[in-house]
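Right, one structure below, let's go through it.
Each reported figure results from applying straightforward, stated rules to the coordinates on display, with no laboratory input. Keep in mind that this is a model prediction, so the values were computed, not measured. Every residue, glycine as well, gets a Cβ built from its backbone with ideal geometry; the counts of neighbours run over all protein chains shown.
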Amino acid sequence: MSSPLLPAWAPRADLHPLAFDWLQPAGVELAVLRLDRIDTLVSGNKWFKLKPHLELAAAAGRRGVISLGGAHSNHLHALAAAGRRFGFPCVGLLRGEPQDTPTARDLIDLGMQLHWLGYGGYRARHQADFWEPWQARYPDLQPVPEGGGGLPGAQGCIELVDMARRQLAALGWSDYDGWWLAAGTGTTLAGLVLGEAGERPVHGALAVPDDHGVARRIGEVLAQAGRDDRGYRLHSASRGGFARVDAPLRSFIADSERRSGVPLEPLYTGKALLALRDAVEAGQFAAGTRLIFVHTGGLQGRRSLSGA
């Protein structure tokens, strides 16, 4: 039986082959898991990270959720869209001072109540007592970590492994050799590591600088799940900082979209695919390697970068 917090919705992403001129000389094959196509608004990996948090909310008797993000947050955008579609209230705690961005306007239009925390107030989210005043103010809402992170969010991404495996035969693949995806909080990567259970490596292209604690957070999630901190590798891909977009990246995205027909955005998927090209051209993968690239969505964020 479904409820607003537990809708009977089980989206499935298609697995498609990708052909780029930088793959063939290395003898590497690539397929993309199109999480961006599961829905027009509740897009990408966000639903899979959110669903376990909604299950916790329902078990606790909560009516809705409260979570955090920035003025361009893909997480908050998908959360607000899910709240509108399935009928549960959402509150967003946003970084910085009020901003008029396409994402922020969407959040309001989708019915999310916004609170701008300033930058100092947002940094306080890591303090042990951060949630106390918000839970006192919204006792019927379930707190959800930034980005839908933590062990519940990772557990929601485990199903992506089986989702891809069921489609290998349609590609003519009998097996595959690993995963490649953008890593922001590392939650989806941790879920894939849990799903693989040591069978294949998961490669994370860091969308944030190396010192942002992604490895630590992944290790904490795996430890909570009773797993060793192994089975993955992180690659530098931020190009000097989160949201740093340079001319070579823009050119690569434009060329990749033209050749593949797969839309990318420059903060996560574009940087991740460019980092994969660099790794392939550097000879980091043997001939015959088959990789699955996860398209984590986030396309709504392109509007701000294009000035929309």
Would you mind getting me the FRET efficiency between Arg258 and Ile108? Use the beta-carbon distance for r and R0 = 30 Å, nearest 0.05.
0.30
If the cut-off is a Cα-Cα distance under 18 Å, which aspartates and glutamates reach Lys46, setting aside same-chain residues fewer than 8 apart in sequence?
Asp14, Asp36, Glu55, Asp106, Glu146, Glu159, Asp162, Glu265
Once the convex hull of the C-alpha atoms of region 180-308 is built, how many Å³ does it hold per residue, rounded to a whole number?
117
Calculated FRET efficiency, Trp134 and Ala58, Cβ-Cβ r, R0 22 Å, to nearest 0.05?
0.70
Rg and Dmax of the chain over Cα atoms: what are they, in angstrom?
18.9, 59
Förster radius 30 Å - calculated FRET efficiency between Ala170 and Ala286, Cβ distance, rounded to 0.05
0.80
For Asp229 paired with Trp9, estimate the spin-label separation in nm (one decimal), with each label point 7 Å from Cα along the Cα-to-Cβ line.
3.6
Prolate/oblate/rounded label for region 46-148 (Cα gyration tensor, a/c 1.5)
oblate
Sorted from fewest to most neighbouring beta carbons within 10 Å, what does the list Asp14, Asp162 look like?
Asp162, Asp14
Please arrange Glu265, Glu257, Glu55, Glu199 by counting, for each residue, the other beta carbons lying within 10 Å of its beta carbon, fewest first.
Glu199, Glu257, Glu55, Glu265
Expected 222 nm ellipticity per residue - DSSP helices of 4 or more, -39500 (n - 2.57), all of the chain, to 500:
-11000 deg cm²/dmol
Between Gln24 and Arg85, how many nm apart are label points set 7 Å from Cα along the C-beta direction?
3.8
What is the gain in length, in nm to one decimal, between Ala197 and Trp116 on full extension, counting 0.36 nm per residue of separation less the C-alpha to C-alpha distance?
25.2 nm
